[in-house]
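**Student:** Input: one structure, supplied below.
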Amino acid sequence: QVQLVESGGGLVQPGGSLRLSCAASGSISSIYNMYWHRQAPGKEREYVATITRTGSTNYADSVKGRFTISRDNAKNTVYLQMNSLKPEDTAVYYCNANVRTITTPTVANYWGQGTQVTVSS
């Protein structure tokens, strides 16, 4: 089994910064694409960013230029550096990843439990 655990959320003022982390653990053979999504109160979950195993990145237009996704393959960890935060960035942030486990030849998608980010003065 694979577990993803996010950390780093909290309360920040508009214009501030936060860095989220998401560590994967378990019977991992390989981790492919890693993602961040978010879900604001009363809204559907939305895509935030992707990073491939080799470091290529993609972002939602709403966060482009403010957020940076990165990863440390040796630590099975993905990060989301969030700068110039706005109240509309308030949401629960989830990481997910495409993972091949030691025991299963197919690639499956796993999700973390989420971490709350609140942007407010």
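**Student:** So how long is each side of the stretch 30-85 along the principal axes, counting just the alpha-carbon atoms, biggest first, in Å?
**Tutor:** In descending order, the Cα extents are 36, 21, 16 Å.
**Student:** Find the accessible area per residue for the stretch 1-106; the probe is 1.4 Å, ligands and nucleic acids are left out, and the unit is Å². Please report the intermediate quantities before stating the final value.
**Tutor:** Details: 5360 Å² over 106 residues.
Per-residue accessible area for the stretch 1-106 comes out at 51 Å².
**Student:** Also, I was wondering about something else. Starting from the Cα gyration tensor of the stretch 76-121, multiply each eigenvalue by 5, take the square root, and state the resulting semi-axes largest first in whole Å. Display every interim value, and only then the final one.
**Tutor:** Working: eigenvalues 188, 20, 10 Å².
Its equivalent ellipsoid spans semi-axes of 31, 10, 7 Å.
**Student:** Principal axis lengths of the chain from Cα atoms, whole Å, largest first?
**Tutor:** Result for the chain: principal-axis Cα extents of 48, 26, 23 Å.
**Student:** Ordering T50, T104 by accessible area with a probe of 1.4 Å, largest first, what comes out?
**Tutor:** The ranking, largest first, comes out as T104, T50.
The values are calculated or read from the model by the stated rules, or taken from the named source; none is laboratory data. As the structure is a prediction and not an experimental result, all values here were calculated from the model. Side chains are part of the model used for accessible areas, which takes the heavy atoms of the whole protein and leaves out ligands, DNA and RNA. Shrake-Rupley method; radii C 1.70, N 1.55, O 1.52, S 1.80 Å.
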